[in-house]
Number of protein chains: 2
Amino acid sequence: MTFTGKQLTTQLDADGTLTLQLNDKTWDAPKPGQVLVKVEASPINPSDLGLLFASADTENAAYSPGKVVAKMPDNATRAMKARHGMAMPAGNEAAGMVVAAGEGAEALMGKRVACVPGSAYASYAYAEAAMCMPVEASAEQAASSFVNPMTALGFTETMKLEGFTGIVHAAAASNLGQMLVKICLEDGIPLVNIVRSEDQVKLLKDLGATHVLNMTDADFMPKLIDAIAETKAMIGFDPIGGGTLASQILTAMEAAASRGAAFSRYGSSEPKKVYIYGALDLGPTILNRAFGLTWDLAGWLLTPFMMKAGMEIVGRMRARVGKDLTTTFASHYARRGSLEDMLTKDAVAMYNARRTGEKYLAVP
Amino acid sequence: MTFTGKQLTTQLDADGTLTLQLNDKTWDAPKPGQVLVKVEASPINPSDLGLLFASADTENAAYSPGKVVAKMPDNATRAMKARHGMAMPAGNEAAGMVVAAGEGAEALMGKRVACVPGSAYASYAYAEAAMCMPVEASAEQAASSFVNPMTALGFTETMKLEGFTGIVHAAAASNLGQMLVKICLEDGIPLVNIVRSEDQVKLLKDLGATHVLNMTDADFMPKLIDAIAETKAMIGFDPIGGGTLASQILTAMEAAASRGAAFSRYGSSEPKKVYIYGALDLGPTILNRAFGLTWDLAGWLLTPFMMKAGMEIVGRMRARVGKDLTTTFASHYARRGSLEDMLTKDAVAMYNARRTGEKYLAVP
């Protein structure tokens, strides 16, 4: 039995031409351990945008039905040499119905699952059965049950694994940030939320968050130092990446750790760490290094974290997501559309802006 | 029995006035576990300069015999609030004769020791007996037997503890860098040296170094990528701190790790890490983040490293330094002078420039 439909691919050529388009495609029976999922809903996450468009100029791109042709900056084109000339599928996660099952995956046949195919912007997608989670919820409710929920839970697990006891989170009003607020409330983990507007302060306060700081306030830094001193939140997670925020967080941690302590030319000996887990700002990260010599800044990525955490922790995380899919881990979307709609200029302009609260759900 | 002499102190006041001066001082009998050392020779390391002058304006300071009064920039004055008004002694390490011993330290009486008093710019200094190493060598040969040798050995131990197999070292022509070249040759550890001039390339090549790259060369980056690909040197140590070098090292590591690998939107999954262990450039650290999400940038400091490494490793390191003090761990000085000379304008101008190969030895 074969299935036919469309699949979105993104191709970067050596001359900097980026082409996204829908192609007709046929799916055969899945391999052992895999299932074939009829995709019902798939979100566009920031991590998907890095593959779909990266830093291409979508403003001046050529849009036609089912096709976008854009120009990638030269340095980005060079940096992504390994993908030149390849038509790559995209779409990390989805929810959909299992329409065919490979050997060993027969139990999933006919069920709705949340899955992580990596090629979800399509009519159908192959997915690893071991990563599929059967769900009672609707496809829209289940579409974002992997990336954001596992990342938010991954932050609290990382905190515990590394011996920290409280978290600073930047761009905290995102879907992921709202999940983290709920998780930390449930688990009694002190959380300092950094947001960019008074509306976002209200949003998180309404969810029950204690510490919500507006980084555009004039007294943001002293407030951040106070909040960190109170919560002992010495591990931070920053999806912005560019600019000075990671440096400011480390500086505030150092100031909080040094309060009342004797002067040390090397700074406080209290461990302080910030993870950069995204690139909402593609500009350089600027560190003033006004935080002694006991500090750590690192990249955070879900897959290596899960490999380090191991099966037991990951299994516990997955079970929690399944149980609380429509409460703690609920996602919100500003727009829904077909694969064709996803490649229109106004849709791209909306979701590629990466604005908090403006998330797109593909419904093939 | 009491001993009299002079001690250098550095004091920063809240108004930004930095005062270094020599004070008359009397030393009484040392406490249990301590010795009193008559200081014969004490180097000025970059780590000492952070306490002595930090970013004060030494060019326009007022110099008088045994005294320097300089202005500290406002932001630095604020950042060092915890030391306001305190006359702090300085001088991490020294060699000298034990002239008095506290309870339990009698065996060191009358011996020349290498020691880590933290107040070595003085006629006498108290030192922990457990950190003293009796030496056969001259005072000048033994003066720098702690900070640089233990730091250089600390790099190779850090590499092993964290599972790396080769090292990138920046500002590699320093005394410390020359030690690291010799250590890595002795231990068969691949080392990529980054220097700033052809003279420095020749200096390290003459010591037997294989990979010595001049960062002012136009083809520095491709050469760095080649050297890292060849050596698998995925841990770096950078004493410069400011500027783009740490970012360039991570970028080169990423490029080397990605060679021949399939494209991944998140970059290579090979761990890559750079430690910043100094601040030869006090400017901000600029990261372009063109190195995926599997990376780590952290501060490195000798004392916390030794605490983490534990007594066995540290004991082994100390024994090696004692054995090879006049060979592998030999230091070179461009100028020697009394405590009075150390506070003259031309001496300060020379050692505070932190130029490679221009190190000052205080001989009280």
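Rg/Rh, computed from the Cα trace of the range B:67-125 with Rh as the Kirkwood radius, has the value 1.17. Dipole check for the range B:128-281: with +1 at the C-beta of Lys and Arg, -1 at the C-beta of Asp and Glu, and the Cα centre as origin, the magnitude is about 480 Debye.
Counting only DSSP beta bridges with both residues in the protein assembly as shown, tell me the antiparallel percent, nearest 5.
65
Taking all protein chains as shown and a probe of 1.4 angstrom, residue A:99 keeps an accessible surface of around 30 Å². The simple spin-label model puts a point 7 Å past each Cα toward its Cβ; for residue A:185 and residue B:349 those points are separated by 6.5 nm.
The charge dipole of the range B:111-173, taken about its Cα centre with unit charges on the Cβ of Lys, Arg, Asp and Glu (plus for the first two, minus for the last two), comes to roughly 80 debye.
Taking all C-alpha pairs of the range A:260-303, those more than 11 Å from each other amount to 75 percent. In chain B, the calculated helix contribution to ellipticity at 222 nm averages -9000 deg cm²/dmol per residue, counting -39,500 (n - 2.57) for every DSSP H run with n ≥ 4. Across all directions, the average flat footprint of the convex hull enclosing the Cα atoms of the range B:177-295 is 7.5 nm².
With r defined as the distance between the Cβ atoms of residue A:3 and residue A:259 and R0 fixed at 56 Å, what FRET efficiency is calculated, to the nearest 0.05? Don't skip to the answer; put the middle values down first.
Values: r = 62 Å, r/R0 = 1.12.
Once rounded, the FRET efficiency stands at 0.35.
Using 0.36 nm per residue and subtracting the Cα-Cα separation, the extra length available between residue A:31 and residue A:162 on full extension is 43.3 nm. Modelled this way, with points 7 Å down the Cα-to-C-beta line, the labels at residue A:244 and residue A:205 are 2.7 nm from one another. Seen from a random direction on average, the alpha-carbon convex hull of the range A:304-364 projects onto 5.8 square nanometres. Counting, for every residue in A:258-266, the Cβ atoms of other protein chains within 10 Å of its Cβ and taking the mean gives 5. With Cα atoms defining each centre, the range B:284-347 and the range B:49-96 are spaced 21 Å apart in the structure.
In a simple Cβ point-charge model (Lys, Arg +1; Asp, Glu -1; nothing else charged), chain B has a dipole of about 280 debye relative to its Cα centre. Of the GluC sites (Glu not before Pro) found in the range A:243-350, no site is in coil according to DSSP while having at most 16 other Cβ atoms within 10 Å of its Cβ.
Which whole-number value in Å³ per residue fits the convex hull of the alpha carbons of the range A:1-140?
Spelled out: Cα convex hull of the range A:1-140, divided by residues, is 114 Å³.
Pairs of Cα atoms nearer than 8 Å and 6+ residues apart set the relative contact order; for chain A it is 18 percent.
By the equivalent-ellipsoid construction on the alpha carbon gyration tensor, the range B:194-236 comes out with semi-axes of 17, 13, 8 Å, ordered largest to smallest.
Computed over protein heavy atoms with a 1.4 Å probe, the accessible surface of the range A:1-144 works out to 42 Å² per residue. Semi-axes of the equivalent ellipsoid of the protein assembly as shown are 55, 27, 23 Å, computed as sqrt(5λ) over the eigenvalues of the C-alpha gyration tensor in descending order. Take each peptide in A:75-86, A:50-61, A:166-177, count the other Cβ atoms within 10 Å of every residue, and average; sorted highest first, the result is A:166-177, A:50-61, A:75-86.
Using every pair of distinct Cα positions in chain B, the Kirkwood expression returns a hydrodynamic radius of 21.6 angstrom. What does a probe at residue A:303 reach in the range A:150-180, counting residues whose amide N is under 20 Å from the point 7 Å along Cα→Cβ? Correct set: A:150-155, A:158.
Karplus-based coupling profile of the range A:49-58, in residue order and whole Hz: 5, x, 8, 4, 10, 6, 9, 5, 7, 7, with θ = phi - 60° in 6.51 cos²θ - 1.76 cosθ + 1.60 and x standing for Gly or Pro.
Along its three principal directions, the equivalent ellipsoid of the range A:236-357 from the Cα gyration tensor extends over semi-axes of 36, 22, 13 Å, largest first. Scaling against 2.2 N^0.38 Å puts the C-alpha radius of gyration of the range B:104-199 at 1.32.
The values are calculated or read from the model by the stated rules, or taken from the named source; none is laboratory data. Quick caveat: nothing in here was measured; it's all calculated off a predicted structure. Every residue, glycine among them, receives a Cβ derived from its backbone with ideal geometry; neighbour counts consider all protein chains shown. These accessible areas exclude ligands, DNA and RNA; they are computed on the full protein's heavy atoms, side chains included. Shrake-Rupley method; radii C 1.70, N 1.55, O 1.52, S 1.80 Å.
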